[in-house]
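Each reported figure results from applying straightforward, stated rules to the coordinates on display, with no laboratory input. These numbers were taken from a predicted model, which means no experiment stands behind them. Here the Cβ positions follow ideal geometry from the backbone for every residue, glycine too, while neighbour counts run over all protein chains shown.
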Amino acid sequence: MSDTADCGPVRVSRSRDTSVPGDPAGREWSYRHGVTESAHARKIAFAAFVRRALDDARAMRAWSGTEVSRRTGVSRQTINRWVRGDWASDPEAERVVAFCEGLGLNPTAAFGVLGWDRAATPRSAPGPPPMDPDVEALLRRLVDPTVSDTEKFHIRETIRYLAYRPTLPADVRKRGNRAG
């Protein structure tokens, strides 16, 4: 005998979304409109641009958000949406120009951040930081075919140990230097 009673067929009022985010099978949904990483990056960059402009207006001119809105002709709601990066389509060019000119900024800087200005030089990704010569030597040894597998194993184990060991507070490190 079963512990659960059979209540008949289960009725579902609507189909449930069981897709996995990012799964290609869900791409046929009409509301997915192809937001790319570059669109997200543009939102973040423009939000930082607006935030910096507002900070400068507060610091140099003692303007509040309301005063910035009044002087630029762009509503506080719009400015706040820009700061949050909360916009589905690009900001209107006229509003961007009004915002920039009201704050004494060059609109082409904002256009460059938004990716509208073809003449603006695109920001290149920062290059890798310079590598420590000792780390370079270890990497060369790890790819050197004349170094034995045992030696490579010991190099890797030592690197792992050093990379993941907890750092000691400064006062604990200095205890060994005290005179007894």
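Structural remarks
- Two-decimal Rg/Rh across the range 37-114, once Rg and the Kirkwood Rh are taken from alpha-carbon atoms: 0.93
- Of the residues Gly102, Val113, Ala41, the one whose Cα sits farthest towards the positive end of the charge dipole of the range 37-114 is Gly102 (charges of +1 on Lys and Arg Cβ, -1 on Asp and Glu Cβ, taken about the Cα centre).
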